[in-house]
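Please read the structure below before turning to the comments.
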Amino acid sequence: MVWRKVELPVLPTTVIGSYPRPKWLREFIAGYREGRYKEEQMREAFDDAVIAVLNDHREAGVDIPTDGEMRRDEMVEYFAERIEGFKFYGPVRVWGNNYFRKPAVVSRLRYRGPMVVDEYLFTKKVTYSDIVKVTITGPYTIADWSFNEYYPSKEELAFEIARIINKEIKALEEAGAIYVQVDEPALTTHPEEIGWAVEAVNEAVKGVNIKVGLHVCYSDYNILKPYYDRLNVSQFALEFANRGFRDLDVLKGLNKELGFGVVDVHSRRVETPEEVAAAIRKVMEYVPPECLFINPDCGLKLLPRKIAKQKLKAMVEGTRIIRQELRKRGLERIELRKDLTCP
Amino acid sequence: MAVFGAALVGSYPRSEKVASIHRKFLKGAIEAEEFERLIGAETEKLIKFFVRTGLNTFTDGMLRWDDIFNPLIRFVDGVEVNGLVRFYDNNFFFRAPIIKSDPVIKEGAPITAWCRKGVDVLEGLRARDRVTLKQPLPGPATLASASIAEGVSVEELIEKWWSGVLEPLAKELIKEGCVPEFHEPEVVWDPSKKDLWARAAELIAGIGKGWYVTYFRPADPVSDVLGKLGEGFVVAVDLVSGTGLENVIGAGVKRLALGAVDGRNTKMERCRTLVSLAKNAVEKGAVEVFVTNNTLLDFLPEPVARKKVRLLGRVRKRLARESGV
Ligand SMILES: [Zn+2]
């Protein structure tokens, strides 16, 4: 497959990736782990859950959905389980009584074959939309959230992972995906490493001919700012609702498309469409509307499903308010772009 | 003649069982008393494990603690507990104290009682004369820096935390047979404030004895600060983050804990390497040397932490054999 022309309404609405697993799916997974269901049945349950998620996204009016990452327990773990060379010793605590199965790199990492291509193909098959977005955890975050027992440095580890992620993105491209988002929540956490971390991301997207977004959240974006030009991605999807739409000054000098976070995924209060519209108006002082996508701050998976859906609805309705205003200026549709700069 | 030892600083990770006790308590499925009984029993098992492995100085594993600040700050008047804040450059988060008025330790705060329970376990094992039990506390510099306070300087906060909370607590701990272990990662994290940190170290030195633990960055840029602590203190430095022992010893620190077992990596260290590090420190002028984990073991999966504790035990035995102590 090659790049194709896709038209979208101006200010396309999308999600960052994850969505709450339906209660019945969580129960089914628990049953599967206890050995009560066969793998085949588990797969069917995941498929059904993806259909349910897409239905929520459709009802909310989201232009570019994902599969809600229904099949993924955790964003690093999922990939570490599918790359040769990782080992799991057990969970580590992240805060309070909350844990994460942090993987350890114990031998040379090798790409064992597609990790999320089947996810993409199923989503594509059942979606209501023209295009879908596929998320993939970035090399720096996987390296940073793993124990490194094998590589001489974290940098070498990150670049090895980058080459593996690159193969996966190319496999997605081959399968027909045209929009991939690399998730790098850890990207700015060690400011002294950002210089090579950015190059690891570039390594992961090298030679890719589809649209690539980069999601970075709960970070000091001033650390990212000097690297806007260096990053070979077409969009930054950033979180702004959580910070009350302050710090928009970091967008000065941004020459890429922005995925603008308009709803807070860590608060159960559902934003109003007017609040969303006001935020979009504010960001348009920094980024022209033809270079703007509208999305939540981050993955929605920690919210109750009902609230997640209401937040998506508010996001879409708020976006529609601004679209009305833009229509008067003759701006109604844009083309999906993979260019590294915008406008 | 030099004295060698192997020690555990800070926390030990929650096993699946300990995690499930916390989960039940958080869900309200068990009462506070039952929680304390179960955690107490797990702590006892852990202390017995430490004794068996041959560690001669350790904590109780902090199974009741979420991080180095909590639940201590819940037992302090004048403080509210904030949302989550990243703990330095780790994918680990703690709840920070918000200062509403001068912090003062509450009457009946259970920290000392917890440590006393650990001492009782040691007495039951007839191990009290052989081993030292430490109680980790956030150091004044680290606690002041983590505090959210409007219009109060870090300098003032250091004094307030010290006089209202840490000093009375540390004195009480010593009375009960526990040694206070002050965690001061902030001091090495931001050496530019070393004048302030020196003042905080002087306050700590006034207690007369204890451990002073630094981690996440090398300690040699703040050697002068460490030199303020005096002979009553063992100073722990993070050798995984960097070396520079000469400067630390040169500043007058003669009792050293070498944080050479990496609490942030599952890779196992070699016993031989750790033993030579300890001997090397003595050659450089240290008179008492412990080999320890460099930081909280909470960053490791529990089975790996268990292996690393056993390794520390082997290190001590080997050092004892080879040095004739
Ligand atoms: Zn995110």
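Where a number appears in this text, it was derived from the coordinates with a stated rule and is not lab data. Here the structure is a predicted model, which is why all the values come from computation and not from measurement. Cβ coordinates were reconstructed from backbone atoms using ideal geometry, including for glycine residues, and neighbour counts include every protein chain displayed.
Global size of the protein assembly as shown: 26.9, 89 Å for Rg and Dmax (C-alpha atoms, Rg to one decimal, Dmax whole). Given their separation in residues at 0.36 nm each and the Cα-Cα distance between them, A:Lys225 and A:Val126 gain 31.8 nm when the chain is fully extended. Restricting the calculation to Cα atoms, segment A:7-335 yields a radius of gyration followed by a Dmax of 19.2, 59 Å.
Per-residue ellipticity at 222 nm computed for chain B from its helices equals -12500 deg cm²/dmol, with DSSP H segments shorter than 4 residues left out and the rest contributing -39,500 (n - 2.57).
Across chain B, C-alpha contacts under 8 Å between residues 6 or more apart give a mean separation that, scaled by the residue count, equals a relative contact order of 21 percent. Computed over chain B with a Gaussian network model linking Cα atoms closer than 10 Å, the most mobile of B:Glu283, B:Glu155, B:Glu181 is B:Glu283. Relative contact order of segment B:164-306: 19 percent, from C-alpha pairs under 8 Å at least 6 residues apart in sequence.
Put simply, the amide H of B:Ala260, placed in the peptide plane, has neighbours under 5 Å in B:Leu239, B:Thr292, B:Asn294, leaving out anything fewer than 5 places away on its chain. Under 5 Å from the amide H of B:Val213 lie the amide H atoms of B:Phe182, B:His183, B:Glu184, B:Ala236, each residue being 5 or more positions distant or on a separate chain, with H modelled from the backbone and absent for Pro and chain starts.
Per residue, chain A reaches -11500 deg cm²/dmol at 222 nm when only DSSP H runs of four or more residues are counted, each adding -39500 (n - 2.57). Relative to one another, the C-alpha centroids of segment B:241-293 and segment A:228-242 are positioned 43 Å apart.
The B:Lys27 and B:Glu283 beta-carbon pair, evaluated with R₀ = 56 Å, returns a calculated FRET efficiency of approximately 0.55.
Over segment B:3-323, the alpha carbon radius of gyration divided by the compact-protein estimate 2.2 N^0.38 Å works out to 0.94. Take each residue in A:146-152, count the other chain C-beta atoms within 10 Å of its C-beta, and the mean is 3. Projecting the Cα positions of A:Ile165, A:Val287, A:Tyr140 onto the charge dipole of segment A:7-335 (unit charges on Cβ atoms of Lys, Arg, Asp and Glu, taken about the Cα centre) puts A:Val287 furthest along the positive direction. Inter-part distance, segment B:85-130 to segment A:54-116, computed on C-alpha centroids, equals 35 Å. Just so you know, the averaged projected area of the alpha carbon convex hull for segment B:177-325 sits at 8.6 nm². Contact order for chain A, expressed relative to its length and based on alpha carbon pairs under 8 Å spaced 6+ residues apart, stands at 22 percent.
Please work out whether segment A:164-223 counts as rounded, prolate or oblate from its C-alpha gyration tensor, where a ≥ b ≥ c are the square roots of the eigenvalues and a/c under 1.5 means rounded, while otherwise a/b larger than b/c means prolate and anything else oblate? Since a/c reaches 1.5 and a/b is larger than b/c, the shape of segment A:164-223 is classed as prolate. Membrane-span-like helices of chain A, defined as complete DSSP H segments with a Cα extent of 30 Å or more along the helix axis and a mean Kyte hydropathy of at least -1.0, are identified as A:39-60, A:154-175, A:305-328.
Result for chain A in a Gaussian network model with C-alpha springs under 10 Å: among A:Gly213, A:Gly90, A:Gly61, the largest mean-square fluctuation is at A:Gly90.
Model label points for A:Arg82 and A:Arg112, set 7 angstrom from Cα along the Cα-to-Cβ axis, are 1.1 nm apart. Length available on full extension from B:Lys254 to B:Lys175: 0.36 nm per residue minus the Cα-Cα distance, which gives 25.9 nm.
Restricting segment B:1-43 to GluC sites (Glu not before Pro) that sit in a DSSP loop and have at most 15 other Cβ atoms within 10 Å of their own Cβ leaves B:Glu31.
Summary of the geometry: segment B:162-181 and segment A:123-165, compared by the centres of their Cα atoms, lie 47 Å apart. For segment A:1-123, the share of alpha carbon pairs falling in successive 10 Å distance bins from zero is 11, 31, 36, 18, 4 percent. A Gaussian network model of chain B, with springs between Cα atoms under 10 Å, assigns the largest mean-square fluctuation among B:Asp60, B:Asp77, B:Asp262 to B:Asp77.
Dividing the convex hull volume of the alpha carbon atoms of segment B:1-72 by its residue count gives 99 Å³ per residue.
The protection proxy used here, the mean number of other Cβ atoms lying within 10 Å of each residue, ranks peptides A:169-179, B:288-298, A:148-158 as follows, highest first: B:288-298, A:169-179, A:148-158.
Of all lysines in the structure, the ones whose alpha carbon falls short of 24 Å from that of B:Lys228, not counting any fewer than 8 places away in one chain, are B:Lys134, B:Lys160, B:Lys171, B:Lys175, B:Lys193, B:Lys194, B:Lys209, B:Lys254, B:Lys284.
Distant-in-sequence amide contacts of B:Val81, defined by a placed amide H-H separation under 5 Å and a gap of 5 or more residues or a different chain, comprise B:Ile98.
Residues in segment A:253-262 carry Karplus couplings, in order, of x, 6, 10, 10, 5, 10, x, 9, x, 10 Hz; the curve used is 6.51 cos²θ - 1.76 cosθ + 1.60 with θ = phi - 60°, and Gly or Pro positions show x.
Peptide A:93-105 is shielded by partner chain Cβ atoms: per residue, an average of 6 of them sit within 10 Å of its Cβ. In segment B:73-174, the C-alpha radius of gyration followed by the widest Cα-Cα span (Dmax) gives 15.7, 51 angstrom. Shielding value for B:10-18 is 2, the average number of Cβ atoms from other chains within 10 Å of each residue's Cβ.
Phi-derived couplings, Karplus 6.51 cos²θ - 1.76 cosθ + 1.60 at θ = phi - 60°, listed residue by residue for segment A:212-226: 10, x, 10, 9, 10, 9, 6, 10, 8, 5, 5, 6, 7, 3, x Hz, with x used for Gly and Pro. Each residue in A:Met42, A:Met75, B:Met268 was given a count of other beta-carbon atoms within 10 angstrom of its own, and listing them fewest first yields B:Met268, A:Met42, A:Met75.
Measuring nothing but alpha carbons in segment A:184-270 and taking Rh as the Kirkwood radius, the Rg to Rh ratio lands at 0.97.
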